[in-house]
Amino acid sequence: MTVLPDNSLPLAAEFPGATYEQWQSLVAGVLNKSGRDLSGPAAEDALSTPLPDGFAVRPLHTRADAPEATGADGYPGFAPFTRGARPEGAAVAGWDVRQRHTRPDPASVNDAVLADLENGVTSLWLAVGPGALPVSGLAGALDGVLLDLAPVALEAGSGFGAAGRALLRLYDERGVRREEAHGTLGADPVGQLARTGGESGDGEAEALALAGLCHRERPGVRAIAVDALPYHEAGASDAQELGCSLATGVGWLRALTGAGLSVEAACGQLEFRYAATADQFLTIAKLRAARRLWSRVAQVCGAEPAAGAQRQHAVTSPVMMSARDPWVNMLRTTVASLAAGVGGADSVTVLPFDHALGLPDDFARRIARNTSTILLEESHLGRVIDPAGGSWYVERLTDQLAEAAWAWFQEIERAGGQRAALRGGLVGERVAATWKARSERLATRREPVTGVSEFPQLAQVPVVRDPAPVPPGGGLPVVRRDEAYETLRARSDAHLAATGARPRVFLAALGPASAHTARATFASSLFQAGGIEPVHDPVSVDAATAAGAFTRSGAAVACVCSSDATYAEQAEPVAQALKSAGARLVFLAGRPGERREAYLRAGVDEFVVAGGDAVAVLTSVLDRMGVA
């Protein structure tokens with residue numbers, strides 16, 4: 001074993017170095033065993049994962065993928081702020097744990113707010129307006145809150161002017177000193193335009209007035225929220241979300257400087273809000289790229305370097321939250337909040353696991369706030385500054401996202417800016433195309449949704465919550481990953497309520513367990529994703545027993561499940577027996593190959609395979625079964 005003079009121990013010193021070409025050759029060797037004919041770069045390409053923004057995640061990243069060692073990314077707390085907006089990162093106090101409250105009753109909001117602040121939350125995000133907390137109830141909701149210690153962020157839609165001024169008056173009435181007030185008034189007429197298709201006539205003027213007031217009297221309070229969530233919730237890609245936020249921010253810089261603020265003061269009036277998803281590396285890269293891009297915008301506008309430090313509020317993605325098996329949302333939000341913290345977000349909001357079901361209960365809010373507490377206090381995530389920095393994968397992903405987002409931002413600017421791009425349909429059309437492509441991946445289960453399209457549980461007791469306020473509509477749509485499957489499950493629920501039983505499919509498993517288990521498991525998960533209950537009693541059937549077992553099952557359709565070898569021996573007589581027993585549809589799990597025509601003649605109607613359009617198949621089955 002070799003020991004260097006500085007007493008370091010090179011653990012790989014006794015092993016020969018491997019080359020990139022050797023790795024590619026080994027990859028090709030493995031892939032070619034499956035019948036492919038690949039070599040060199042083609043083998044690596046086969047393992048790459050394409051992303052919606054036109055680039056791919058490679059299976060291996062090397063030093064060649066890292067930015068040039070020129071210091072272009074700077075240091076944490078210095079332009080271009082890729083590595084963080086503060087020199088110390090989250091190492092001093094961690095990130096700001098911001099809890100969202102949407103209930104309309106001031107007393108119940110106050111109880112929840114005080115419980116949150118006593119148990120780890122460090123700032124509040126209050127929904128104010130129709131269906132949520134009334135402006136007149138703001139003082140009651142914040143009764144007992146030390147406003148000099150707990151920043152408040154408002155989300156008031158078109159009523160941001162009245163809500164923002166009410167909060168500023170509250171600071172005055174409670175004697176909060178000029179430099180002690182912090183938070184965001186949430187003026188967001190552009191976001192309102194995206195959500196509703198319209199904005200109040202004096203929206204921009206009111207936002208500019210609030211910004212001037214905050215700049216003069218409450219320098220720790222930011223008036224304007226640059227909210228990218230409306231685009232994310234409509235199905236936008238990460239680069240589209242970034243590009244829309246940049247275009248919105250640039251529009252505000254023009255308006256604010258036109259109203260008399262300096263570029264530095266204008267930058268100081270903006271807080272940017274982004275979605276954090278369970279794709280942790282994309283989220284990390286997105287937040288890093290957002291800071292780099294905004295720093296470039298500030299630089300081009302002539303701002304001092306320090307003014308380009310983007311203030312970021314990350315919110316765990318509403319799009320990824322599922323209504324079915326909502327407990328899985330705890331895992332999704334944990335990964336998303338970890339990514340937001342590692343990515344350098346200043347504030348992080350973890351949505352409660354029951355967010356898709358309505359108003360959260362006390363337990364859901366506790367789990368949400370404890371998610372950040374555990375990451376900060378037990379995992380010590382905030383004690384490392386820019387923990388993803390230097391990762392060739394993350395650095396390359398940051399570069400690619402920044403380039404794609406900048407190109408989209410430039411396209412929006414050429415269209416006349418964010419407002420014009422929204423009104424003209426450019427944003428809506430481009431985001432809709434992105435969501436359509438993603439919907440196809442969801443429908444084919446290439447992007448699985450645990451508990452919904454994969455491993456669904458039909459017998460799970462539903463989680464019921466009080467209904468949440470209906471969000472304003474009329475603008476960009478609001479989507480969720482589970483929406484197509486939720487429609488199918490709702491049909492099954494209605495059938496259960498009307499008839500006392502769910503629609504059923506009989507799984508005709510052929511041969512021993514070693515032959516049929518894999519495809520029976522696949523078929524069971526597939527049909528349950530559409531609310532169709534699988535029945536497989538007895539565990540295995542043959543041509544002599546299939547008809548009787550199907551009749552006893554009470555099912556209307558059947559699916560034959562086994563290995564290809566067993567299919568060759570038994571599939572045709574079993575399909576005939578099922579048809580003779582009254583099966584409306586007979587499926588066969590797997591690709592039929594050259595025996596396709598023989599299976600069709602025997603009575604097989606369709607073949608269900610991995611990668612097929614599950615939503616289309618399940619919709620057709622429910623239609624054929626008469627499930628309204």
Q: Can you tell me which of 163-174, 38-49 comes out highest on packing, and rank the rest after it, using the mean Cβ neighbours within 10 Å?
A: 163-174, 38-49
Q. Listed highest first by mean packing, meaning other Cβ atoms within 10 Å per residue, what order do 310-321, 472-483 come in?
A. 310-321, 472-483
(Q) Need one value: the accessible area of SER525 in square angstrom, 1.4 angstrom probe, rounded to the nearest 10. (A) 20 Å²
Q: Largest first and to the nearest Å, give the Cα extent of the stretch 145-264 along each principal axis.
A: 43, 32, 26
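Keeping every protein chain present and rolling a 1.4 Å probe, give me the accessible area per residue for the chain in Å². All intermediate terms of the calculation are to be shown ahead of the outcome.
Details: 26800 Å² over 628 residues.
Counting only protein heavy atoms, the per-residue value for the chain is 43 Å².
Using the C-alpha gyration tensor of the stretch 74-157, what are the square roots of 5 times its eigenvalues, in whole angstrom, with the largest one first?
On the way: eigenvalues 190, 43, 16 Å².
Output for the stretch 74-157: semi-axes of 31, 15, 9 Å.
First compute the accessible area of the chain with a 1.4 Å probe, then give the percent of it belonging to carbon and sulfur atoms. Walk me through the numbers before you get to the answer.
Working: 14750 of 26800 Å².
Ligands and nucleic acids excluded, carbon and sulfur reach 55 percent.
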(Q) What number does the stretch 117-170 give for Rg over Rh if you use C-alpha atoms and the Kirkwood radius? (A) 0.95
Q.
With every protein chain left in place and a probe of 1.4 Å, what is the accessible surface of ARG83, to the nearest 10 Å²?
A. 70 Å²
Q) Rounded, prolate or oblate: which fits the stretch 367-437 when a ≥ b ≥ c are the square roots of the eigenvalues of the alpha-carbon gyration tensor, with rounded for a/c under 1.5 and prolate only if a/b beats b/c? A) prolate
(Q) Explain nothing, just compute: Karplus ³J(HN,Hα) = 6.51 cos²θ - 1.76 cosθ + 1.60, θ = phi - 60°, for every residue of the stretch 475-491 in order, whole Hz, x for Gly and Pro. (A) x, 5, x, 10, 10, 9, 4, 8, 5, 5, 6, 5, 4, 5, 5, 5, 4
Q: Report the one residue of PRO230, ALA181, GLY268 whose Cα lies farthest in the direction of the positive end of the charge dipole of the chain (charges on C-beta: Lys and Arg +1, Asp and Glu -1; origin at the Cα centre).
A: PRO230
Q | Convex hull volume per residue for the chain, taking Cα atoms only, in Å³ | A | 194 Å³
Q | Positive-pole candidate from SER391, VAL27, SER540, dipole of the chain, charges at beta carbon | A | SER540
Q. Where does each of ASP613, ASP37, ASP202 land when they are ordered by accessible area, with a 1.4 Å probe and the largest first?
A. ASP37, ASP202, ASP613
(Q) Compute the angle between helix 203-217 and the longest alpha-carbon principal axis of the chain, please, reported from 0 to 90 degrees and rounded to the nearest 10. (A) 50 degrees
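To the nearest 0.05, how large is the calculated FRET efficiency for GLU173 and ASP362 if R₀ is 25 Å and r is the Cβ-Cβ distance? Working shown, then result.
Values: r = 30 Å, r/R0 = 1.18.
Taking R0 as 25 Å, the efficiency between GLU173 and ASP362 is 0.25.
Given the convex hull over the Cα atoms of the stretch 472-593, what projected area results after averaging over all orientations, in nm²? Kindly include the intermediate steps, with their values, before the conclusion.
Numbers: hull surface 39.5 nm².
Spelled out: convex hull of the Cα atoms, projected over all directions, averaged, 9.9 nm².
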Q: Please compute the Cα-Cα pair-distance distribution of the stretch 401-447 with 10 Å bins starting at 0, giving whole percents from short to long.
A: 26, 39, 27, 9
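Using the Kirkwood radius over Cα pairs, work out the Stokes-Einstein diffusion coefficient for the stretch 200-293 at 20 °C and 1.002 mPa s, in µm²/s as a whole number.
Numbers: Rh = 14.1 Å.
In µm²/s, the coefficient is 152.
Might you report the magnitude of the Cβ-based charge dipole of the stretch 71-212 about its Cα centre, with Lys and Arg at +1 and Asp and Glu at -1, to the nearest 20 debye?
Numbers: 11 positive and 19 negative charges, 30 e Å.
My answer is approximately 140 debye.
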Q | Cα long-axis angle, helix 328-343 against the chain (0 to 90 degrees, to the nearest 10) | A | 40 degrees
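Determine the dipole magnitude for the chain: charges of +1 sit on the beta-carbon of Lys and Arg, -1 on that of Asp and Glu, nothing else is charged, the reference point is the Cα centre, and the result goes in debye to the nearest 20. List each step's numbers first, then the result.
On the way: 58 positive and 71 negative charges, 189 e Å.
With Lys and Arg at +1 and Asp and Glu at -1, about 900 debye.
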Q | Options THR487, LEU600, TRP294, ranked by Cα towards positive dipole end of the chain, top entry (Cβ charges) | A | LEU600
Q: Compute the long axis of helix 20-32 from its Cα atoms, compare it with the longest principal axis of the Cα atoms of the chain, and write down the angle in degrees, 0 to 90, nearest 10.
A: 30 degrees
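Leaving ligands, DNA and RNA out of it, rank LYS33, LYS436, LYS579, LYS286 by accessible area with a 1.4 Å probe, largest first. Display every interim value, and only then the final one.
Values: LYS33 175, LYS436 125, LYS579 70, LYS286 0 Å².
Of LYS33, LYS436, LYS579, LYS286, the descending order of accessible area is LYS33, LYS436, LYS579, LYS286.
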Q. With each label point set 7 Å from Cα along the Cα-Cβ vector, what nm distance links LEU331 and ASP564?
A. 3.1 nm
(Q) If R₀ is 51 angstrom, what is the calculated FRET efficiency for the pair GLU14 and ALA437, using the beta carbon separation as r and rounding to 0.05? (A) 0.55
Q. Just the Cα atoms of the stretch 550-607, one point each, no solvent: what log10 I(q)/I(0) does Debye give at q = 0.12, 0.25 Å⁻¹?
A. -0.23, -0.97
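The values are calculated or read from the model by the stated rules, or taken from the named source; none is laboratory data. These numbers were taken from a predicted model, which means no experiment stands behind them. Neighbour counts are summed over all protein chains in view; Cβ atoms, including those assigned to glycine, are modelled from backbone coordinates with ideal geometry. All accessible areas refer to the heavy atoms of the entire protein, side chains included, with ligands and DNA or RNA removed. Shrake-Rupley method; radii C 1.70, N 1.55, O 1.52, S 1.80 Å.
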